[in-house]
Number of protein chains: 4
Amino acid sequence: MNHFSKDYLVVAQNASGRNMNVPLYRFKGDKPGPKVYIQSSIHGAEVQGNVVIYHLIQTLKQQQIYGEITLVPNCNPVGTNIKAGEYTMGRFDPINGTNWNRGYYFDPALVNEFAKTVNEQEPNASVKKRFREAMKSQIDHRLNSTWGLGLAQQLNLKLQQLAFDADIVIDLHNGPVSTRHIYVPDYAKASASLFNIPHVILIPNVFAGALDEATFCHWWTLQDILSKKQQREVKFDVEAFTLEMGSQEVISFDEGQYDAVSILSYLNAKGCLLDADYQPKTMQRVAVTLNNYKILYTQQGGIVDYLAAPGSHIKAGQPLAKILNVDDLDSDKATETILAPCDLIPILHFPSASVLSGTQLYKCFTDYFTLTEGT
Amino acid sequence: MNHFSKDYLVVAQNASGRNMNVPLYRFKGDKPGPKVYIQSSIHGAEVQGNVVIYHLIQTLKQQQIYGEITLVPNCNPVGTNIKAGEYTMGRFDPINGTNWNRGYYFDPALVNEFAKTVNEQEPNASVKKRFREAMKSQIDHRLNSTWGLGLAQQLNLKLQQLAFDADIVIDLHNGPVSTRHIYVPDYAKASASLFNIPHVILIPNVFAGALDEATFCHWWTLQDILSKKQQREVKFDVEAFTLEMGSQEVISFDEGQYDAVSILSYLNAKGCLLDADYQPKTMQRVAVTLNNYKILYTQQGGIVDYLAAPGSHIKAGQPLAKILNVDDLDSDKATETILAPCDLIPILHFPSASVLSGTQLYKCFTDYFTLTEGT
Amino acid sequence: MNHFSKDYLVVAQNASGRNMNVPLYRFKGDKPGPKVYIQSSIHGAEVQGNVVIYHLIQTLKQQQIYGEITLVPNCNPVGTNIKAGEYTMGRFDPINGTNWNRGYYFDPALVNEFAKTVNEQEPNASVKKRFREAMKSQIDHRLNSTWGLGLAQQLNLKLQQLAFDADIVIDLHNGPVSTRHIYVPDYAKASASLFNIPHVILIPNVFAGALDEATFCHWWTLQDILSKKQQREVKFDVEAFTLEMGSQEVISFDEGQYDAVSILSYLNAKGCLLDADYQPKTMQRVAVTLNNYKILYTQQGGIVDYLAAPGSHIKAGQPLAKILNVDDLDSDKATETILAPCDLIPILHFPSASVLSGTQLYKCFTDYFTLTEGT
Amino acid sequence: MNHFSKDYLVVAQNASGRNMNVPLYRFKGDKPGPKVYIQSSIHGAEVQGNVVIYHLIQTLKQQQIYGEITLVPNCNPVGTNIKAGEYTMGRFDPINGTNWNRGYYFDPALVNEFAKTVNEQEPNASVKKRFREAMKSQIDHRLNSTWGLGLAQQLNLKLQQLAFDADIVIDLHNGPVSTRHIYVPDYAKASASLFNIPHVILIPNVFAGALDEATFCHWWTLQDILSKKQQREVKFDVEAFTLEMGSQEVISFDEGQYDAVSILSYLNAKGCLLDADYQPKTMQRVAVTLNNYKILYTQQGGIVDYLAAPGSHIKAGQPLAKILNVDDLDSDKATETILAPCDLIPILHFPSASVLSGTQLYKCFTDYFTLTEGT
């Protein structure tokens, strides 16, 4: 069977001077194969990924694998534990507002430099090995700088050290009030249909700070440079995804089982599992390019009844939300209805009825297209 | 038709030095009758009451009334506007932790003193009038003290000034994740069946700081003293209730309509409406005494799947919640199930999956009994 | 020399399911003597007490003692670690607003019951031992109730279990922006002059939830009952104090040394130290009774320049604060000066310039008197 | 005398549906001259600038000016009013962590496009006028987009609309615990000595989202393009600065007077005042380039005694801070001293003693140089 080990990574110290740890669960197969890295809860209120990892571990205790799978639940013990009122203020560092998912490292200059050291004869495996070492030594260097680094960035870089070893990186998130969706790098678009996730956002080779980008931007950029230089397609078979598995602030063991199976289907297709029969579902998958994944902000403050359920198909002009204005309950202005500016699928909405002007009310698929058909 | 007026009450000034107002909507009938006071959102995240008041206003624009109805939505403009993360931290003053619903005024000594001034010949109407004046002058005195008062208490007393004029006081609240329930003073138990609310908590003549108590404790205590003194039943026909209409942080216009009708049924039964046919529903109503409305606290921290839905009937030993422990995902201790310690109805549960030890997980009816039968 | 030991007490579990510990440092002398319990930082932002305990430990490593001294720094690891912005939101549970220093246990009925079991022949030492056992078994019972307890109360009761063993209980706090002051129970007034603290608040036998009260109210009440019953003065020589050592959110090793010496002077006078020459300073000590320790609340919101320094003597009519109103910078109403309503000593003021109406601006000694004269 | 007017700008609506306003105070001289824009408190806890504007207004009521001066105190009524505990969480939007000072607009492409429309004959005044119109129409366009904008960005753009009219833009800030310092764009370096501010940070033509940058990057870039194209030095005489006037969370009318005079000295030198004798002080001014303004982060969590006062000169190896570790009070590891990694001037430090690992402990001038000598 697989070799299993468990370890802890210190990622921070709290104000009591105590270490804050992240658990690392590792399964190593007898036979070689891809390395997989899966983490959850970098945003402290997005806890469902921990349940998915729980189900994955139950399966992997029984299921032989190729290669290696590292599972990192509760990967942000700081964010998980910041309460403000009954909810978890886990999206950003409460001290400075830094989003916990924006401090990963991508350095195009480093990729360029590295690319110069690769010649046509060097096998891919060797290039990958050397590139990983270069990157990790770069991250080490940053983590050990004299003047230090901010907490979120320290956390991100320590996780990235682990993740950069992997061929497959999956970062488990949740939306506010949300339906399932996945961010897929454009060059790995084919993999979108290996997960059982109905909504797909295709993203370009642009870095905005997140772990999936910090992974694929490096490899994608290196591929592009080498392919151009060597005038042949160079592929490193590294893929990275952000999965958004429904709403934050709730967990469900049942829903977690669904997402665990979805991930196992992908891993099986990628050759990580021995004699397994996990297959992607035949289902409708709808996709957008990132520029068509739009945020609708409120123009007004008030109290909102969210009329359009995440995942539903809304036509231009149909109501999305109805806002109550407490100062005009006796007049026609008591309520205002916000209409869809075009055909769209709301993917998630703000989790509170009380909104200020400029609140991110809905995020929506517009100009979307069908990736796979259901039955 | 009714005479309608709208006014604003200044209840606070913010750090920009600006007034924070509460809107007062008032309907006055042509004919005498009870005075009604209804407020909502003293807890800033409990916003559904504003929708109920919206529906009440729509009705009262068409419906003749006896007496007077004052409607006060958004009665805590401070609490409504304190965000911490995406949610509203509206249960308590973010500066000092003071619950916004615990600073109303009840002074048994004042009631005792006042009772001495009542003789047997004085008609009830006169006693009520004089008692109101005494109370309101007492509150005035406190509001104008040299050394001042805390923000929450100022807010509470300014609202209580208005509410103490009324014969019927209804304070609209929501639970965290909650089913409909109502707090009913024991002496007004008969009124519990006039609302369309399935879960009833019967409360004794004990003051804990809330508006309903600050209302009925005064009148109930005065009734008791005078009844004893005059050796006959003295009744002032003042009633006060806290209605909890489902979950905080969400509104629904549809659900609000249900609760507006429920309140109109009560008001109709109390003689506030002219030629109206609002009747309480035939439905099952279940009640507990306050001491049997129990809080279940967590013994452990972790991530919770809430298995028992608010309003469901749970037998002793059945599962209420399943807690995930991220450090033991590979062992038998990965999950722990919390069982019902006795037969119970969970009324509400904590709104976040992430809990520390000592979290108020569920509030439950135990030793409950049937008040009215459904069909 | 003293026997030293170190231990950890688990007081909570966080949302990651991990234990949160309180360190217990214990010095035990070779010879019998009083038991001392000193804790710090029950309010998470009041951290200077940890420094004082640091200095006490440095001394106690060299200084022989009678009896036993237990030192408990960082006694609220939850509160210490709740940041909101750059500051520590440590005065109350961020989930429900519960003040971390209001959940200790005092049950007058228990004292009454217990008093009945004491006869005139029983020696004080035996009464104390039995009373402690009764109390601790009562607290045990509460901590182990089926339905559980809230987090703050669990924390308080676990600490109280330790503290109730002691003859001397010192709870180290800080004010917002504050000068040194101490709460002294009226019956132990003589001890006020054994500390080097210039401002003394004398408090009656009334329980409001804090640790010092939870300690002395039990013993004071028992003393009173037994003294009356036995018609002689019964004394248990148990004392408890809350020390407020300057401002929250800052520490100073130098100031901590001053307060450590102050506490050692008291302990020396109480016979806790062998051959030590710590003596209380000759200094002016000023006292008030609790009812004359007054809070001045703001009537308005705005931005405040605090003109009166904590500890200074202010005459009636002199300025305490000047408030800026951003909407009237061009008029006479641009600033408003708040004057002292009577002769007073401001002891502490609100730590932020930005205030809403109803903010606790200053806490002041009024009608104070001199306890000891300086030189 | 000057013509004075006062106006309000609506910048947001709160959850009660109410407008949140910013006051605009405007002085217009009889004679033409530069337009000046001064705002304060975009970060809600940085309130001293409001006092400075108060003093400026008192002066300008008496002092004739050339041109026009617009003063905008309390420019972020949202941030000013978010309390969390006693402090103001005003650096970022509490909902999403967005820094209130990072959403101004700079579009190099727009500058490039615009530059093409300028020919050598066009007078500077005309270019400035047209460029302002182009920019403001661009901002208008963004403010009115169908999908809307986030709250912080809406606020920023509405203020930028006003500020972009000005030749002189001054943004008044405070540091956490801080000494006076100023950000000066490299091309306006000569102006650094016109303020009475001892610490100067020289910044390059790089946009990071702040108002000063959003102002000077546009003009500086346009200057550079046109100068190159026209092969002569084109200058628009637009300058923008961020002034940091000491610590947040406090105000002082006395200190505010100092800073008002400092600003008046600059304005006088720039020809904004008639017959005024405000002169910059002869004083030592020390400067760094932005890359040498370094942040020192903590490697550990704990409780900090800040040993190095802002503004003091510290040698390499001298102590900056001493950190207490509550778990090791009995050992050598009880305290740890953080030493200066090189010669430096600490300009500001973190405002709380309690820090996690990765906290921005100090910001320091390194490799600084003298700009002007004192006497």
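Put simply, the amide H of residue D:64, placed in the peptide plane, has neighbours under 5 Å in D:274, leaving out anything fewer than 5 places away on its chain.
Among rounded, prolate and oblate, which fits the stretch B:134-266 when a ≥ b ≥ c are the square roots of the eigenvalues of its C-alpha gyration tensor, a/c under 1.5 means rounded, and a/b larger than b/c means prolate? Verdict is oblate for the stretch B:134-266.
Using Cα centres only, tell me the gap between the stretch A:330-357 and the stretch B:218-234 in whole Å. Using only Cα atoms, the two centres lie 52 Å from each other.
Converting phi to 3J(HN,Hα) with the Karplus coefficients 6.51, -1.76 and 1.60 and the offset θ = phi - 60°, the stretch C:277-291 yields 10, 5, 10, x, 6, 7, 7, 6, 10, 10, 10, 9, 7, 3, 5 Hz in sequence order, with x at every glycine or proline. Averaged over peptide A:299-308, the number of partner chain Cβ atoms lying within 10 Å of each residue's Cβ comes to 6. Label point of residue A:232 set 7 angstrom out along Cα-Cβ; within the stretch A:110-137, amide nitrogens under 19 Å from it belong to A:115-129. Scalar couplings 3J(HN,Hα) for the stretch B:78-89, obtained by applying the Karplus form with A = 6.51, B = -1.76, C = 1.60 to θ = phi - 60°, are 6, x, 4, 10, 9, 9, 8, x, 6, 9, 9, 8 Hz; x denotes Gly and Pro. For the stretch B:79-119, backbone nitrogen atoms closer than 17 Å to the point 7 Å from residue B:161 Cα along Cα-to-C-beta are found at B:103-106. Evaluating 6.51 cos²θ - 1.76 cosθ + 1.60 at θ = phi - 60° for every residue in the stretch C:30-41, the Karplus couplings come out as 6, 10, x, x, x, 9, 10, 10, 10, 10, 9, 6 Hz, glycine and proline recorded as x.
At an R0 of 41 angstrom, the distance between the Cβ atoms of residue C:313 and residue C:253 translates into a FRET efficiency of 0.90.
Using r as the Cβ-Cβ distance of residue A:375 and residue A:277, and R0 as 22 Å, what FRET efficiency do you calculate, to the nearest 0.05? Efficiency at R0 = 22 Å is approximately 0.70. The stretch C:299-328 and the stretch B:286-306 have Cα centres separated by 46 Å.
Using a simple spin-label model with pseudo-atoms 7 Å out from Cα toward Cβ, residue D:28 and residue D:126 lie 2.5 nm apart. For residue C:91, the residues whose modelled amide H falls within less than 5 Å of its own, excluding neighbours fewer than 5 places apart on the same chain, are C:44, C:45. When the helices of chain D are scored as -39500 (n - 2.57) per DSSP H run of n ≥ 4 and the total is divided over every residue, the value at 222 nm lands at -8000 deg cm²/dmol. In chain A the longest region clear of GluC sites (Glu not before Pro) that are loop-assigned by DSSP and have at most 13 other C-beta atoms within 10 Å covers A:234-372.
Classified by the C-alpha gyration tensor, the stretch C:128-170 has an oblate form. Its axis ratio a/c, with a ≥ b ≥ c, is 1.5 or above, and a/b does not exceed b/c.
Identify the residues of the stretch B:316-347 with backbone N under 14 Å of a label point that sits 7 angstrom from the Cα of residue B:367 along the Cα-to-Cβ direction, or state none. Label zone hits: B:342-344.
Centroid-to-centroid, using Cα positions, the stretch D:99-130 and the stretch B:178-199 are 66 Å apart. With a Förster radius of 56 Å applied to the C-beta separation of residue C:58 and residue D:206, the computed FRET efficiency comes to 0.65.
Averaged over peptide C:22-30, the number of partner chain Cβ atoms lying within 10 Å of each residue's Cβ comes to 1. Run through the DSSP bridge list for chain B and note the antiparallel percent, rounded to the nearest 5. The antiparallel proportion sits near 65 percent. For the peptide D:248-261, the mean number of other protein chain Cβ atoms found within 10 angstrom of a residue's Cβ is 3. The shape of the protein assembly as shown comes out rounded: with a ≥ b ≥ c from the C-alpha gyration tensor, a/c is under 1.5. Based on C-alpha pairs under 8 angstrom that are at least 6 apart in sequence, the stretch B:76-196 has a relative contact order of 21 percent.
We did not get these values from a lab; they are worked out from the coordinates using the rules stated. In this text, all values refer to a predicted model and were calculated from it rather than measured experimentally. Here the Cβ is made from the backbone with ideal geometry for all residues, glycine too, and neighbour counts use every protein chain on show.
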